[in-house]
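Written out below as structure tokens is the structure these notes cover.
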């Protein structure tokens, strides 16, 4: 279905984490900037789909993990700027711990320690 | 979901348009920036934009997806609950039907009561903008009596009040409508601005012009009601501009009122004429328009925009003295306004509101019994469904989800019950109305409408919450999952659910005991009232009423007519004797006055009394004993000295211990003294339940007034003579409408409609309560047996005797029942003060009633528990143990 399958898509829960992490680093970004930032930081490996980015942002808004404020871009265009909230930081910390535990466990399972 | 999230979702929902626009902006910006980025990477501008758009995909679909973030889980999961619940309910058909019917009885009884109460007390009047229409009430501060207005004081308030944009006045009047079959109709005399103030426009033709209510008698015009126009004039539009004959005078029809408008009263009016025609409409009270002391008009005002009821009250209060009518009155007058609603005039409203307040509580009690009943059924069902619930929980369903689904089941059943209940209530209303012989034009207005529907649905929701919550919580508690492992469900008496069930059962018995006691008290009260000796013999009497004044008879003509009527009726072969009276007993028409006697000081010698004009022979025809002096005789003519007969109550009040015959008294406002020529034994005049009432009789020849009723004692059954009497009187004046024709017994029965209707409703509710309580006891005991088959099997295998097992079960249910009866007795006694005010001839704590109710309950409860208990006793130990 997707014509641009040359790059990797991001699972939903992970996308939330990436957005939150990006906002910790950059304080205040609008949607396009968030997508750009994730892509460049990942060395263009991860591609943020618009189709999942905006639902994810709305989800974070509902949960109160991010705030959205309307402002102007450098070119004076109207844009919604997202900021992480205190609850968002706490959530990110908890999720990161889980993520670390899981990835290291997965890595241990997947790393070939015997030669076939 | 946390409340704060719910709140965020709700806020977005409220501003969903703005939210959608924001999202669109956001996405547009994204696409544009993407296109710029593409250009920066060296794509041609057109390609860059296309690529950006392609990458973004379908913005509409994305918008939907994003919106779903806010809403979809909700809708979807509730919808799932509903479909799942419906499937469950259909599968447990038998239990569902039992629950739905139980609730339908409870909700239906309430809907029926609400239909009635709403129509009489709350429903907005059928006028334009009913919320700004208000009654002007004049109250005598000392007596609390509501006073109607005189025409001069109405003019005064109407012309000078700043709170109202218009004030209209009206009064009811009976008309004799001429034609091939003369008819007596209910009409209304109204001020010229009546239709304008009410905001009612004519369906055809027009309503009254202001000057048609000007010079007295100058404009004989009439507006017909839609019903009269359709029934009597075949809905023929050409009636407008033509004349109808009212009270022997030609009135020009100027218009027809819209369908469904019959005045502010629940009893519809057939036509309207201007107040200026008062003399023609009420020939027995000529000159009312000029009299400052007349009290005959109701007034309603249209509030100016923005004026509150309180402000209108205050502005009127400043003019209280003018409104009082009599400037020399020493009583303080209180003026207030009251929003127009329901279908009763302010006096009736004040009298009836407490009665209906009490009556409305009764079906609510029935619903409480029904709810307790259903709660128990649900509890039992929850028990039977523990495995299903436990499985769902084990598969990951949260407890809140299970509770919600069980509540959805409750709500669904309640809503279905609401539908069934409405059908049932319509039948009940019609049934009560037919039983009470309420005229069709009123029952026609008692059909359930949108308001009844809304109220019933709200009630159904409340009921669902009442009976649904605790069983849902109890069925999904923490002990649920272990039950997956159990093969047998055991119940011990310490179980929380068991206690809950006992509580519901006790509630049921308590409340339905109160219902039965109240019903018993009222039924006895009515039968006591009806079995009272009314002081006359109502059997074998034909009654028929006519109104000579409305036919233009003067005093002479009236006497000739009366004599003709009596002569020709007495000549009939089936008639023993006949007489005339202005107020047949217990027929709902009473005249009142104040009398004073000679001598003594003014205050001490006065007495309130009712009075009637009668023809000689009335006492003999009615079999009322004359205890002293004489009856009237033909010699008591207009020219003869004025005479009167008093009843024993009036005699005792005026001349205690002395013989009244030969004494003299005077009616308030009259100049002539009346000589008492006789004393009759008192009886019941207005109501069966009334206290002894002072009564004064005058010869009709000396005090002609208004309508007059013929009473004719028949030799055989009165019903067979009604037609011949009617035909004979009609033969004397074919143009004169005859009304209220029938047997006296029938008329009297109508007089006690309200009491009969009330006790019927109460008896029905009591019966319903008893039935539901019996049903509940039966269900609970059955359930206990079903759940304890295993235990019973073991006990019997160990040697317990079948009887002992049954007795144990019965004792358990009956002890709960006994607690309920004790609480019910306490509750009934607690409310006896309120009930006492409505009872006649017995105390609200009547021991026999309580005893009878207790016995009935004990009997019903024993039967309801014995049947399932016997089943328990017949358990075969081997089978029950093997079934595990």
Quiz item: Restricting attention to the range A:43-65, and to residues there that are within 12 Å of the chain's Cα centre (by Cα) and modelled with pLDDT of 85 or more, which single residue is surrounded by the fewest Cβ atoms within 10 Å (Cβ to Cβ)?
Solution: A:54
Quiz prompt | Test: residue in the range B:68-83 that is more than 14 Å from chain A (Cβ to nearest Cβ), surrounded by fewer than 16 Cβ atoms within 10 Å (Cβ to Cβ), closer than 25 Å to residue B:388 by Cβ and modelled with pLDDT of 85 or more | solution = yes
Quiz item: Do we find a residue being more than 10 Å from chain B (Cβ to nearest Cβ), touching a strand residue (DSSP E or B) at 6+ places or on another chain (Cβ under 8 Å) and at pLDDT 85 or above anywhere in the range A:92-103?
Solution: yes
Exercise. Collect the residues in the range B:272-318 that are touching a residue at least 12 places away in the same chain (Cβ under 8 Å), within 23 Å of residue B:246 (Cβ to Cβ) and assigned to a loop (DSSP other than H, G, I, E, B), keeping them in residue-number order.
Key: B:282, B:288, B:289, B:290, B:291, B:294, B:296
Quiz item: Has the range A:95-104 got any residue that is over 24 Å from residue B:58 (Cα atoms), free of Cβ contacts under 8 Å to residues at least 60 places away in the same chain and surrounded by 14 or more Cβ atoms within 10 Å (Cβ to Cβ)?
Solution: no
Quiz prompt | Within the range A:33-76, tally of residues that are within 24 Å of residue B:61 (Cβ to Cβ) and facing another protein chain (nearest Cβ under 9 Å) | solution = 18
Quiz item: Could you say whether any residue in the range B:38-61 is more than 30 Å from residue B:464 (Cβ to Cβ), in a helix (DSSP H, G or I), more than 10 Å from chain A (Cβ to nearest Cβ) and modelled with pLDDT under 80?
Solution: yes
Practice problem: Check off (1) in contact with a strand residue (DSSP E or B) (Cβ under 6 Å, 6 or more places away or on another chain); (2) surrounded by fewer than 23 Cβ atoms within 10 Å (Cβ to Cβ) for residue B:142 and give me the number that stays unchecked. | Solution: (1)
Self-check item: Some residue of the range B:379-400 being crowded, with 22+ Cβ neighbours inside 10 Å and at pLDDT 85 or above
Solution: no
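Residue-by-condition table, conditions (1) within 17 Å of residue B:289 (Cβ to Cβ); (2) assigned to a loop (DSSP other than H, G, I, E, B):
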position	(1), (2)
B:162	no, yes
B:202	no, yes
B:215	yes, yes
B:228	no, no
B:263	no, yes
Practice problem: Return yes when residue B:34 is within 11 Å of chain A (Cβ to nearest Cβ), within 54 Å of the chain's Cα centre (by Cα) and in a helix (DSSP H, G or I) and no when it is not. | Solution: no
Quiz item: Which one of these is modelled with pLDDT under 85, surrounded by 14 or more Cβ atoms within 10 Å (Cβ to Cβ) and facing another protein chain (nearest Cβ under 10 Å): B:65, B:25?
Solution: B:65
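So that you can scan it fast, the table gives a plain yes or no per residue for (1) closer than 24 Å to residue B:712 by Cα; (2) exposed (fewer than 15 other Cβ atoms within 10 Å of the Cβ); (3) at pLDDT 95 or above:
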| position | (1), (2), (3) |
| --- | --- |
| B:583 | yes, no, no |
| B:587 | yes, no, no |
| B:601 | no, yes, no |
| B:610 | yes, no, no |
| B:624 | yes, no, yes |
| B:633 | yes, yes, no |
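Between B:236, B:242, B:247, B:193, which is under 19 Å from residue B:278 (Cβ atoms) and at pLDDT 90 or above?
Going through B:236, B:242, B:247, B:193 in turn, just one is under 19 Å from residue B:278 (Cβ atoms) and at pLDDT 90 or above: B:193.
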Self-check item: Qualifying positions in the range B:145-160 - surrounded by 17 or more Cβ atoms within 10 Å (Cβ to Cβ) and assigned to a loop (DSSP other than H, G, I, E, B)
Solution: B:148, B:150
Exercise. Determine whether the range B:862-878 contains at least one residue that is outside any helix (DSSP H, G or I) and surrounded by fewer than 19 Cβ atoms within 10 Å (Cβ to Cβ).
Key: yes
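The values are calculated or read from the model by the stated rules, or taken from the named source; none is laboratory data. What you see is a predicted model; the values in this text were computed from it and never measured. Quick reminder, even Gly has a Cβ in these numbers, built from the backbone with ideal geometry, and neighbours come from all protein chains shown.
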